[in-house]
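This report concerns only the one structure given below.
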Amino acid sequence: MIDDRAIDEAIDRVMAGPQRSSRIMNEHERKVTAYHEGGHALVAAALRNSAPVTKITILPRGRALGYTMVMPQDDKYSTTRHELLDQMAYAMGGRAAEEIVFHDPSTGASNDIQKATDTARKMVTDYGMSDRIGMVKLGDADTEAFGHGSGEGPRSFSDETAAIIDEEVRRLLDNAMREAWEILTNNRAILDTLAARLLEEETLDEAQLAQIFKDVVK
């Protein structure tokens, strides 16, 4: 019989890979992972344009030491500017939590930073969401936005424009980090409670998270 646990395991395997029960983490690594994933989840819960958090786990899967699942309740075919800004803040939540709690960030946020950077770059070069650049498409399907991709075509904009793109991407990422930091600082007690529950139970579902997040300051 296929039950809810089997479906849940199938979703986890597709999204994050098979569970790595052979990977043993020491207590400090488990604590860093709990705060990292808790940071993601708490930032998402506090934002008004983010999909709800449906699951957090600190059980290693694939290459990840843990992961947070944020799942929209309806099918979505487009994304608004505010939703993209919230996605970047959510991505920065793990790194911000590590810096606030341990003052010594780990390499665990590298994939988060890459995703946030890709989103910021697309906002500036593809989606016309930068006032300084305007509604001009500067990216290309075959090249990176800054002309350093694998494509053969020449870059279609000047060095001055490339410098502005750099500045705009950095500004978006700095704002996302600042927002994540502010959310976690304002809800520090909830972050500590969430991390403690993760260290104890390792996986929390949507109902458990809703109870923990009931007093989150939006």
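Quick rundown of the values:
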{"read-out": "Residue, farthest from the chain's Cα centre (by Cα), within segment 154-174, restricted to residues that are among the basic types (K, R) and surrounded by 14 or more Cβ atoms within 10 Å (Cβ to Cβ)", "value": "R155"}
{"read-out": "Identity of the residue in segment 1-56, farther than 19 Å from R95 by Cα and among the hydroxyl-bearing types (S, T, Y), that ends up nearest to the chain's Cα centre (by Cα)", "value": "T54"}
{"read-out": "Criterion (touching a His at 6+ places or on another chain (Cβ under 7 Å) and not β-branched (V, I, T)) met by exactly one of Y77, Y67, Y90", "value": "Y90"}
{"read-out": "Residue count for segment 107-125, restricted to those that are surrounded by fewer than 18 Cβ atoms within 10 Å (Cβ to Cβ) and out of contact with any strand residue (DSSP E or B) (no Cβ under 9 Å at 6 or more places or on another chain)", "value": "8"}
{"read-out": "Residue count, segment 2-25 (criterion: farther than 18 Å from D205 by Cα and open to solvent by less than 90 Å² (accessible area, probe 1.4 Å))", "value": "4"}
{"read-out": "Criterion violated by A207 - all others in (1) in contact (Cβ under 8 Å) with a residue 12 or more places away in the chain; (2) open to solvent by 60 Å² or more (accessible area, probe 1.4 Å); (3) farther than 24 Å from T119 by Cβ satisfied", "value": "(1)"}
{"read-out": "Candidate set from segment 26-51 (those that are in contact with a helix residue (DSSP H, G or I) (Cβ under 7 Å, 6 or more places away or on another chain) and in a loop (DSSP other than H, G, I, E, B)); member that is least open to solvent (accessible area, probe 1.4 Å)", "value": "L47"}
{"read-out": "Residue satisfying all of: in segment 67-84; open to solvent by less than 40 Å² (accessible area, probe 1.4 Å) and touching a residue at least 40 places away in the same chain (Cβ under 8 Å); nearest to T117 (Cα to Cα) among these", "value": "L84"}
{"read-out": "Tally of residues being of a type in the set (G, A, S), over 12 Å from G108 (Cβ atoms) and touching a residue at least 40 places away in the same chain (Cβ under 8 Å) across segment 51-65", "value": "1"}
{"read-out": "Identity of the residue in segment 178-195, under 26 Å from R61 (Cα atoms) and in contact (Cβ under 8 Å) with a residue 12 or more places away in the chain, that ends up surrounded by the most Cβ atoms within 10 Å (Cβ to Cβ)", "value": "A180"}
{"read-out": "So G128, is it at positive phi and either modelled with pLDDT under 90 or exposed (fewer than 13 other Cβ atoms within 10 Å of the Cβ) (or both)", "value": "no"}
{"read-out": "Among residues of segment 182-213, those that are out of contact with any Phe, Trp or Tyr (no Cβ under 9 Å at 6 or more places or on another chain) and closer than 28 Å to E9 by Cβ, counted", "value": "18"}
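The values are calculated or read from the model by the stated rules, or taken from the named source; none is laboratory data. Here the structure is a predicted model, which is why all the values come from computation and not from measurement. With ideal geometry, Cβ positions are generated from the backbone for all residues, glycine too; neighbour counts draw on all protein chains shown. To get the accessible areas, we keep the full protein, side chains included, count just its heavy atoms, and leave off ligands, DNA and RNA. Shrake-Rupley method; radii C 1.70, N 1.55, O 1.52, S 1.80 Å.
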